[in-house]
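Colleague: What follows is a structure written as structure tokens; I'll ask about it next.
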Amino acid sequence: MSRDINSKFWDEELETLPRAELEKRQLADLQEIVQFAYDHAPYYKRSFDEAGVKPSDIHALSDLQKFPFINKKTQRDTQGVGSFLGELAAVPEEDVVFISTSSGSTGVPTMSPFTKKDFDEFQDTESRWFWQIGMRPNDRYVHALNFSLYVGGPDVIGAQNLGALCIWGGTLPSERLLFILKTYKPTIIWTSPSYAWQLGEKALKSGYDPKKDFNIRKIIVAGELGGSIDATRKAIEDIWGAEVYDFYGLSDIFGACAAQCEYHDGLHIAENHILVETVDIHTGEILPPGETGELVFTTLRKHARPLIRFRTGDIGRIDQTPCKCGRTHGRIHILGRKDDMFIVSAVNVFPSDIEAVIREQSGITGEYLIRIFEKDFTSKYAVEIEKNADNPKDDETVAAEISAALKARIGVKPARVVVHPDGGLNTRSEHKSKRIIDERNIDYSI
Ligand SMILES: [Zn+2]
């Protein structure tokens with residue numbers, strides 16, 4: 001396949017479809033996938049019947065609002081039930097060629113299966129994002145994302161299909177990655193925003209000037225909010241002398257479902273694959289496009305495990321007004337997670353996991369306080385606890401034990417554990433204890 005490398009579009013017709021045309025396609029695919037899900041996935045048959053809705057009720061996109069939501073818990077409760085792939089899956093296992101899994105930091109990891117066609121369309125979408133940020137066949141690309149189980153790993157195939165020279169970096173130690181940047185002179189790299197910043201700092205400390213000694217001109221970031229925070233993006237750009245693009249993915253759908261264009265004003269989402277609704281986070285009531293709420297996605301073309309009205313837990317809004325780049329697919333702006341999840345070193349940390357660790361430890365009261373803060377553009381967390389009066393261990397030992405337990409459970413240790421005497425924390429004095437203090441300068445208000 002040869003494309004005009006001067007064209008800004010990977011698939012011009014698709015990317016610039018007039019809104020009415022795009023919605024016509026969405027409707028046809030929605031009708032097909034909802035029927036397919038009903039016919040082949042036991043969960044949907046049951047839940048649609050219980051809700052008194054039928055696939056044939058869908059005559060307009062808004063008719064989807066009559067259908068029930070699903071969420072992460074639905075995935076967890078149905079996987080492995082009846083078959084290996086579970087009751088949300090709509091194809092037999094022999095049609096599945098790939099599964100990714102979520103990190104499992106909130107419980108049992110959820111798996112996301114793909115048929116061959118699902119996977120090929122996933123990669124075509126990744127090629128489209130890479131092309132959108134300016135990757136061309138003459139680029140050298142380092143994919144510095146985790147390959148183990150993670151849905152972001154295979155995205156590199158999208159770059160290869162585009163024709164770029166791909167280096168499957170994975171999670172190499174920084175020294176080796178810097179060696180690759182110095183020796184092979186790649187032009188584009190994808191990593192997390194905090195790691196992009198840390199790697200730049202490390203390069204400077206190692207005597208490199210990232211602007212002169214390397215040839216990186218574009219940096220793709222994902223997995224943390226940083227790429228959409230202007231100050232963080234600019235800080236990374238200043239170190240590297242490269243342009244930073246934010247991508248957004250969901251283990252449940254694609255490695256990247258949405259990506260910034262050269263205007264960096266929200267992330268274009270592949271509306272030919274994903275129908276976006278925004279709902280009130282508490283009531284589930286539909287909000288008009290442009291209002292901020294929980295994003296709800298329906299996958300229009302994934303057959304292995306269709307997601308019909310999946311509540312993502314991500315808070316954001318969609319802007320469907322035309323973008324200056326000429327693309328008509330809407331742009332999402334993500335503000336953060338609905339629950340109190342925070343991300344440290346690209347690991348999702350949930351306060352409930354910290355609580356679980358604290359409550360399992362002996363010799364401490366079980367009271368705790370979590371502080372989330374930002375240092376060097378990276379989120380960190382600290383935990384404060386209370387030691388029982390009769391605990392003979394010294395504070396350092398108690399702190400070290402808790403730090404190790406948190407690292408074992410969560411994958412990333414706290415920046416510090418502060419040990420107070422029994423009653424030293426103020427967490428019990430209020431009716432509803434405030435246990436999480438977010439000191440970061442990020443506006444999560446909605
Ligand atoms: Zn655009």
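Colleague: Would you check if there is a residue in region 360-371 being without any contact (Cβ under 8 Å) to a residue 24 or more places away in the chain, under 21 Å from Val418 (Cβ atoms) and either open to solvent by 30 Å² or more (accessible area, probe 1.4 Å) or within 16 Å of the ligand (Cβ to nearest atom) (or both)? Steps first, answer last, please.
Modeller: Of region 360-371, the ones without any contact (Cβ under 8 Å) to a residue 24 or more places away in the chain are 362, 366.
Filter again for under 21 Å from Val418 (Cβ atoms), leaving 362, 366.
When the remaining residues are screened for being either open to solvent by 30 Å² or more (accessible area, probe 1.4 Å) or within 16 Å of the ligand (Cβ to nearest atom) (or both), the result is 362.
Yes, region 360-371 contains at least one residue that is without any contact (Cβ under 8 Å) to a residue 24 or more places away in the chain, under 21 Å from Val418 (Cβ atoms) and either open to solvent by 30 Å² or more (accessible area, probe 1.4 Å) or within 16 Å of the ligand (Cβ to nearest atom) (or both).
Colleague: Would you pick out the residues in region 264-300 that are touching a helix residue (DSSP H, G or I) at 6+ places or on another chain (Cβ under 6 Å) and away from the ligand (no atom under 16 Å from the Cβ)?
Modeller: Residues satisfying the conditions are Leu275, Ile286, Leu300.
Colleague: Determine whether His329 is more than 16 Å from the ligand (Cβ to nearest atom), more than 30 Å from Glu94 (Cβ to Cβ) and in a loop (DSSP other than H, G, I, E, B). Working first, answer last.
Modeller: Values: more than 16 Å from the ligand (Cβ to nearest atom): no; more than 30 Å from Glu94 (Cβ to Cβ): yes; in a loop (DSSP other than H, G, I, E, B): yes.
Taking the combined requirement at face value, the residue does not satisfy it.
Colleague: Working only within region 264-275, note down all residues that are open to solvent by 30 Å² or more (accessible area, probe 1.4 Å) and within 24 Å of Arg305 (Cβ to Cβ).
Modeller: None; the set is empty.
Colleague: Among what's in region 238-277 and is in a strand (DSSP E or B) and more than 24 Å from Gln31 (Cα to Cα), pick the residue that is nearest to the chain's Cα centre (by Cα). Before the answer, list the steps.
Modeller: First, the residues of region 238-277 that are in a strand (DSSP E or B): 243-248, 258-259, 267-269, 274-277.
Those left that are additionally more than 24 Å from Gln31 (Cα to Cα): 243-248, 259, 267.
Numbers: Glu243: 21, Val244: 17, Tyr245: 14, Asp246: 11, Phe247: 9, Tyr248: 5, Ala259: 12, Leu267: 13 Å.
Restricting to residues being in a strand (DSSP E or B) and more than 24 Å from Gln31 (Cα to Cα), the top hit is Tyr248.
Colleague: Further, regarding this structure: Test of understanding: among Asp57, Asp124, Asp120, which residue is more than 25 Å from the chain's Cα centre (by Cα) and of a type in the set (Asp, Glu)?
Modeller: Numbers: Asp124 fails: more than 25 Å from the chain's Cα centre (by Cα); Asp120 fails: more than 25 Å from the chain's Cα centre (by Cα).
Testing whether each residue is more than 25 Å from the chain's Cα centre (by Cα) and of a type in the set (Asp, Glu) leaves just Asp57.
Colleague: Oh, and also: Give, as residue ranges, the helices (runs of 4 or more DSSP H) completely inside region 115-204 that count at least 2 residues that are without any contact (Cβ under 8 Å) to a residue 12 or more places away in the chain, open to solvent by 60 Å² or more (accessible area, probe 1.4 Å) and out of contact with any strand residue (DSSP E or B) (no Cβ under 8 Å at 6 or more places or on another chain).
Modeller: So the answer is 174-184.
Colleague: Which ones in region 301-326 are assigned to a strand (DSSP E or B) and within 13 Å of the ligand (Cβ to nearest atom)?
Modeller: Residues of region 301-326 assigned to a strand (DSSP E or B): 310-319.
Within region 301-326, Asp319 is the sole residue that qualifies.
Colleague: What residue, among those in region 214-263 that are away from the ligand (no atom under 16 Å from the Cβ) and in contact with a Cys (Cβ under 9 Å, 6 or more places away or on another chain), is least open to solvent (accessible area, probe 1.4 Å)?
Modeller: Leu250
Colleague: Looking only at region 276-301, which residues are open to solvent by 10 Å² or more (accessible area, probe 1.4 Å) and within 27 Å of Glu93 (Cβ to Cβ)?
Modeller: Within region 276-301, Arg301 is the sole residue that qualifies.
Colleague: Let me ask something else about it. Select from region 62-90 the residues that are under 18 Å from Lys302 (Cβ atoms) and part of a helix (DSSP H, G or I) and write down the one among them that is most open to solvent (accessible area, probe 1.4 Å). Before the answer, list the steps.
Modeller: Taking region 62-90 and keeping what is under 18 Å from Lys302 (Cβ atoms), we get 64, 67, 69-72, 74-75, 78-79, 83-90.
From the residues that got through so far, the ones that are part of a helix (DSSP H, G or I) too are 64, 72, 74-75, 78.
Values: Leu64: 1, Lys72: 56, Thr74: 17, Gln75: 4, Thr78: 7 Å².
Out of the qualifying residues, it is Lys72.
Colleague: Does Glu294 satisfy the condition of being assigned to a strand (DSSP E or B), at pLDDT below 95 and among the charged types (D, E, K, R)?
Modeller: Details: assigned to a strand (DSSP E or B): yes; at pLDDT below 95: yes; among the charged types (D, E, K, R): yes.
Spelling it out, Glu294 is indeed assigned to a strand (DSSP E or B), at pLDDT below 95 and among the charged types (D, E, K, R).
The values are calculated or read from the model by the stated rules, or taken from the named source; none is laboratory data. Note that the coordinates shown come from a computational prediction; the quantities given were computed from them, not determined experimentally. Cβ atoms come from the backbone with ideal geometry, glycine included; neighbour counts cover every protein chain shown. To get the accessible areas, we keep the full protein, side chains included, count just its heavy atoms, and leave off ligands, DNA and RNA. Shrake-Rupley method; radii C 1.70, N 1.55, O 1.52, S 1.80 Å.
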